[in-house]
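Note sheet for the following structure.
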Amino acid sequence: MSTTESASNYQRLEQMPVRELLENINKEDKSVPLAVEKALPQIEALVHATVDKLKQNGRLFYIGAGTSGRLGIVDASECPPTYGVPHGMVIGIIAGGDGAIRKAVEFAEDDLNQAWQDLQEHQITDRDIVVGIAASGRTPYVIGGLEACRSRGITTGCIVCNAGSAVAAAADFPVEVVTGPEFVTGSTRMKAGTAQKLVLNMLTTSTMIRLGRVKGNKMVDMQLSNNKLVDRGTRMVMEELLLPYEQAAALLKQHGQVRAAIDAFRSSNGSNS
């Protein structure tokens with residue numbers, strides 16, 4: 001039996017006071033970063049593989065069902081505004097289609113062939129990398145998708161929360177973060193979902209840094225899609241070029257992007273510093 005499906009370490013949850021519920025959930029959550037830490041070598045290997053593919057104009061695909069699929073979609077959707085990459089560079093696919101993002105689609109995860117069909121809609125090739133996300137490590141949708149990819153020479157990875165799973169066996173670069181029993185037995189949206197989110201954060205953040213999408217510690221290619229981000233971008237330009245706020249704001253407005261504003265100013269002033 002997989003540890004994510006094992007019985008909770010706690011009993012009679014319905015009789016616990018709210019404070020005790022919160023303290024025990026928090027206690028369990030504290031174990032998640034430690035489990036992720038143990039998987040750092042595997043995560044590192046997956047990052048290197050992903051960077052290699054994206055440097056060659058490949059794409060990163062996530063496939064998953066339920067919570068796992070939604071987490072992949074969230075991570076993919078945040079890459080363009082955060083790092084200014086094309087929307088098609090990181091793509092999240094969920095069993096049951098986009099409707100399953102908001103409402104569960106019954107038995108969608110049980111189809112071994114659907115993930116490959118979904119990937120084909122994006123004209124997937126061996127230039128791409130596909131990462132399966134499955135807390136249990138036994139989701140047929142993910143297993144079938146990874147096996148179909150691997151048989152066609154497409155690089156595969158995975159993020160699972162049990163050791164020795166079928167999903168990991170189908171991945172060239174498996175990441176196994178063993179989170180153990182959930183506070184509510186089998187509710188893998190809790191610790192397992194948190195672990196998957198942490199790994200996804202690591203994967204795309206590290207990848208984007210290695211692709212040159214961060215300068216120093218700043219998101220210099222971020223999309224200026226609201227007033228908060230325009231203000232943040234203005235302050236980045238201020239700090240980098242030692243300009244007053246108003247001049248930095250005007251420069252950013254003219255060029256539309258932090259990196260472009262900085263490069264244009266330096267070019268016009270003959271500075272590469």
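The values are calculated or read from the model by the stated rules, or taken from the named source; none is laboratory data. Not measured: the values here are computed from a predicted model. Reconstructed Cβ throughout: ideal geometry from the backbone, glycine too, with neighbour counts over all protein chains shown. The protein model used for the area step is the full one, side chains on, heavy atoms only, and it has no ligands, DNA or RNA in it. Shrake-Rupley method; radii C 1.70, N 1.55, O 1.52, S 1.80 Å.
Here are a few things to note about the model shown:
- Some residue of segment 105-113 being open to solvent by 10 Å² or more (accessible area, probe 1.4 Å), in a helix (DSSP H, G or I), more than 23 Å from Thr179 (Cα to Cα) and among the aromatic types (Phe, Trp, Tyr): no
- Among the residues of segment 172-187, those identified as more than 17 Å from the chain's Cα centre (by Cα) and touching a residue at least 24 places away in the same chain (Cβ under 8 Å) are Asp172, Val178, Thr179, Gly180, Pro181, Glu182, Phe183, Val184, Thr185, Gly186.
- If you filter segment 1-24 down to residues that are in contact with a helix residue (DSSP H, G or I) (Cβ under 9 Å, 6 or more places away or on another chain), outside any loop (DSSP other than H, G, I, E, B) and in contact (Cβ under 8 Å) with a residue 24 or more places away in the chain, you find that the one that is farthest from Thr155 (Cα to Cα) is Leu13.
- Against the list (1) of a type in the set (Val, Ile, Thr); (2) open to solvent by 30 Å² or more (accessible area, probe 1.4 Å); (3) touching a Ser or Thr at 6+ places or on another chain (Cβ under 9 Å), the condition Thr207 fails is (2).
- Any hit, segment 188-202, residues being among the charged types (D, E, K, R), over 30 Å from Leu46 (Cα atoms) and open to solvent by 50 Å² or more (accessible area, probe 1.4 Å): no
- Count of segment 238-247 residues, restricted to those that are part of a helix (DSSP H, G or I) and open to solvent by 60 Å² or more (accessible area, probe 1.4 Å), is 5.
- Those residues of segment 31-73 which are more than 19 Å from Gly92 (Cα to Cα), open to solvent by 10 Å² or more (accessible area, probe 1.4 Å) and touching a strand residue (DSSP E or B) at 6+ places or on another chain (Cβ under 6 Å), in sequence order: Gln42, Ala45
- Each residue in segment 51-86 was checked for being over 12 Å from the mean Cα position of the chain (by Cα), on the phi < 0 side of the Ramachandran plot and of a type in the set (S, T, N, Q), and 3 pass.
- Filter result (open to solvent by 80 Å² or more (accessible area, probe 1.4 Å) and touching a helix residue (DSSP H, G or I) at 6+ places or on another chain (Cβ under 6 Å)) within segment 74-90: His87
- For segment 224-237, taking the residues that are outside any helix (DSSP H, G or I) and open to solvent by less than 70 Å² (accessible area, probe 1.4 Å), the one that is nearest to Gln257 (Cα to Cα) is identified as Leu224.
- Subset of segment 23-48 (residues that are within 26 Å of Arg210 (Cα to Cα) and not hydrophobic (A, V, I, L, M, F, W, C)): Pro33, Glu37, Lys38, Pro41, Gln42, Glu44, His48
- Near pairs, Cβ below 6 angstrom, 6+ apart or cross-chain, from segment 97-124 (in contact (Cβ under 8 Å) with a residue 12 or more places away in the chain) to any residue that is part of a loop (DSSP other than H, G, I, E, B) and small (Gly, Ala, Ser): Ala108/Ala95; Ala108/Gly96; Glu109/Ala65; Glu109/Ala95
- Every pair of residues 6+ apart whose Cβ atoms lie under 9 Å, when the first sits in segment 206-223 and is part of a loop (DSSP other than H, G, I, E, B) while the second is buried (at least 20 other Cβ atoms within 10 Å of the Cβ) and of a type in the set (Gly, Ala, Ser): Met219/Gly233; Val220/Gly233; Met222/Gly233
- For segment 91-100, the criterion of a residue being hydrophobic (A, V, I, L, M, F, W, C), open to solvent by 20 Å² or more (accessible area, probe 1.4 Å) and in a helix (DSSP H, G or I) is satisfied by no position.
- Filter result for Tyr62 (closer than 16 Å to Val160 by Cα and among the aromatic types (Phe, Trp, Tyr)): yes
- Any chance Asp263 is without any contact (Cβ under 8 Å) to a residue 12 or more places away in the chain, open to solvent by 70 Å² or more (accessible area, probe 1.4 Å) and not in a loop (DSSP other than H, G, I, E, B): yes
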